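To start, the structure under review is shown below, and the notes come after it.
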Amino acid sequence: MRIYIKLIYVDYPELQVVFISSSILEIYRGDSDLSRRAVSYLLPELSLREFTELELGTVLPAVSLDQVLKDHLSISYQILEQIKPIPIFQNYRKWRAYPFSKEGKVITLKSCEKPFC
């Protein structure tokens, strides 16, 4: 993986490449010189509630575990009145729940036929 990232970085300097999760660990462990060039940021994944707000603009209140345990039925009904959770959750899983997920949903890893899409 790190050789592909390095080739993209070298061959296409005008691109801004974002790599996540274990890819960044490979960069810092690897023998490539990308570890000196790459800038890393800690970017926690969005919660499903935050993702829903970004995707739909629907603001759902934060609910504690105690509230869920005591009143899960009414909380569920309130949520179901506002959103359809299954499609939202499918998108949440598909786009990895990072804030930049709204920027380019055309190319996914599964849709790539070649090493560089």
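Odds and ends about this structure:
- When the stretch 48-102 is described by a simple charge dipole with +1 on each Lys and Arg Cβ and -1 on each Asp and Glu Cβ, the residue from Phe89, Leu60, Leu73 located farthest towards its positive end is Phe89.
- Listed values for the stretch 49-63 are Karplus-derived 3J(HN,Hα) couplings in whole Hz (6.51 cos²θ - 1.76 cosθ + 1.60, θ = phi - 60°), namely 5, 5, 4, 4, 5, 5, 6, 10, x, 8, 8, 9, x, 5, 10, and x replaces Gly and Pro.
- Full-stretch length increase - Phe89, Glu14 - with 0.36 nm per residue and alpha-carbon distance subtracted: 23.6 nm
- Reduced Cα scattering model of the stretch 48-102, Debye log10 I(q)/I(0), q = 0.17, 0.23 Å⁻¹: -0.57, -0.93
- For the stretch 48-102, the Cβ-based charge dipole about the Cα centre amounts to some 320 debye (Lys, Arg positive; Asp, Glu negative; other atoms uncharged).
- Linear extension gain, Thr58 paired with Gln82, 0.36 nm per residue minus alpha-carbon span: 7.9 nm
Taken together, the values in this text are just the output of simple stated rules run on the coordinates, not laboratory data. Note that the structure is a prediction, hence the values are computed from the model and not measured. Cβ sites come from the backbone with ideal geometry, for glycine too, and all protein chains shown count toward neighbours.
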